[in-house]
Structures are given as structure tokens and as C-alpha cells.
Amino acid sequence: MTSIVIPAHNEARVIGRLLDALLTDPSDDATDIVVVCNGCTDDTARIAAERGPRVRVIEIPVPSKHAALRAGDEHAQGFPRVYVDADVVLTASDVRALTGPLRDDTSGVLATAPDRRVPLAGCAWRVRAYYQVWQRLPAVREGLFGRGVIAVSKAGHDRIAALPPLMADDLAASLAFTSGERLVVREAGVVVHPPRTWPDLIRRRVRAAVSTAQVERHQSPEQGSARTSKADLADLLRAEPRLLAGVVVFVAAAVVARRKAEKAIRAEDFGTWLRDESSRQN
């Protein structure tokens, strides 16, 4: 049985669209869906429970994604196990495509993630320009992070269960597997809603800068890095010169976010979650 664990903190505006997508196949009774409402003060739990008996709702008092993932693991019933952020959209057929390689004991694949689909309509032009560059970067195309979904086999779960509690849990999980152990399944797709405004994009990038610094303190050198290098941007411009304006925007966002993140990194504040609300708007 496939288990889906969804940590959700005050996600009343978006939890319904995810669950409706996951429940698109009424005959699929072999999927165990666990929504872990952590420290919620809104209607997340009620909205999730209204989706019927195929959705189990667990409530914990502390607003912590790491604690929610652990609670979800305690209640989940099977493998492969799929961890899904509440603000993305993933269908039942996408879940089947994701878990297929994990059921093949000869593949060597321990973790999978879906292809990323980022709808940019309605976003500010600088946000659109940023994502046109970001989505083309090698680490972003090949890594499992930034998708809001990671699926693991039992062996893959054992690997990530040993990780410390980190803000960038998806980045840490991606780096925990070698290129041969992880796979982006192009037949599966997840809709990741981007920030709509420049300030909200910067908030996300500050969070990314802080959390990446935290991950790097815990990882070994052989695990590699997901940072963007000057060579990555130069290669991108050589291949697509028309992206020059986007690269300028990308670099500007990186510089601004890095400066804003310095204080938190120096203070080792790895617990303040800068949340983007614009991506949760209808």
C-alpha cells in the first residue's frame, strides 16, 4: 500500500485542492492518505476531514514540519511513501507514476520526484524572469528539491529518517541520494504555485539561503551542492542569449536574499519560516 503524508500548517486555503486532486480516482482504495495538521489555528483539519474516510487527519499542537513528518510516519501504513507539501497539486495518476520505479527492486532507485510545473500567469514580470532562469539550472532540473513532493522506498525512507531536522528538508533529502539512486519521473507532474510578487519571491529566496546554509553545515563534501555557480549562468547564456534580462534579475534576487539572510545565518536562526502567502491566493 502506498502511503501519502501531508504536513499542513494553516493550509485551509489550499488543502482542499490537493486532496481533491489526489482523490480523482474513486476506485483507488490502495492509497493511504495522512494529513498532519501541525499547530493549526484555521480550518485545515475540518476541510481535510470533509474529504471522507480515505483521508485520515492527525492533529499535533506544535507548528513544526519536522514534527508533522515524524507523526505522519508513525501513522502511515505502507511503502512506497510519498511526502507532499499541502500547497502543491498532485493527482492520483502522478502518484502511481512516481511509485512505479520504487517498486522495482532491480532499479536501484530509492527516491523519486515529479516533473515541476510552475504556472507563471499573474506573476510580476521579475518573478517570471527569475523562474525562467531558475527552472533551467542543472541542479534544479536534476535535484528532487523545490517540487514539494518526494517519494521513497523503504530503504530510501531509512536513509532520510536518519537526517537531522532541517529547514530545507527536501534539499537535504535530495542530497542524501546519489544521482543513480534518485530519479525525476517526467511522466508525473506536480503544480508548484510560485510567489506572485517580488517581495514574496525575496522572502522565499531568503528562506532558501538560510536553509541552504544550514544544510551545508550538516552534509559531507562528497554529497555535492545545489548552489548556482557563475559557470552555470554563463553556460545558460551561451545556450540561450535571450535570457540575459532574466539572468540579471536572477542575480539581483540572489544578492538581495543573501544580504538579508546574513543576520539569520550569523545568529543560527534556522527556525524562522518566512512564508509566502501570495502563492496561496486563488
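A short reminder: the numbers here are calculations on the coordinates, not readings from a lab. Since the model is a prediction, treat every value here as computed from it, not as a measurement. No Cβ is skipped: glycine too gets one built from the backbone with ideal geometry, and neighbour counts run over all protein chains shown.
Points worth noting:
- Chain lengthening between residue 24 and residue 232 when straightened (0.36 nm per residue, less Cα-Cα): 70.9 nm
- Structure-based [θ]222 nm, the chain - -39500 (n - 2.57) summed over DSSP H runs of at least 4, per residue, nearest 500: -12500 deg cm²/dmol
- Length-normalised contact order for region 1-86 - Cα pairs under 8 Å, 6+ apart - percent: 47 percent
- Span-like helix ranges in the chain, DSSP H, alpha carbon extent 27 angstrom or more, Kyte mean at least 0.5: 244-266
- Between amide H atoms placed 1.01 Å from N, distances below 5 Å from residue 58 occur with 35, 36, 37, all of them 5 or more places distant or on a separate chain.
- Highest-fluctuation residue, 268, 240, 142 considered, GNM on the chain with Cα pairs under 10 Å: 240
- P(r) tail, region 100-149: Cα-Cα pairs separated by more than 17 Å, 50% of all pairs.
- Inter-probe distance in nm under a simple model that places probes 7 Å from Cα toward Cβ, at residue 197 and residue 42: 1.6 nm
- Of the GluC sites (Glu not before Pro) found in region 1-93, those that fall in a DSSP loop while having at most 12 other beta-carbon atoms within 10 Å are 50.
- The alpha carbons of region 69-108 give a radius of gyration and a Dmax of 11.8, 33 Å, in that order.
- For region 79-280, the relative contact order comes to 31 percent (Cα pairs under 8 Å, sequence separation of at least 6).
- For region 118-221, taking Cα atoms only, Rg and Dmax work out to 14.7, 43 Å respectively.
- For residue 263, a cut-off of 29 angstrom between C-alpha atoms picks up these lysines, skipping any fewer than 8 places away in its own chain: 65, 230.
- Isolated Cys residues of the chain, judged by Cβ distance under 4.7 Å to other cysteines: 123
- Calculated on the alpha-carbon coordinates, the convex hull of region 35-150 measures out at 150 cubic angstrom per residue.
- Estimated FRET transfer efficiency (residue 281, residue 121; beta-carbon r; R0 22 Å; 0.05): 0.95
- Values of log10 I(q)/I(0) for the chain across q = 0.14, 0.15, 0.17 Å⁻¹ run -1.06, -1.22, -1.57, by the Debye formula with one identical scatterer at each alpha carbon and no solvent.
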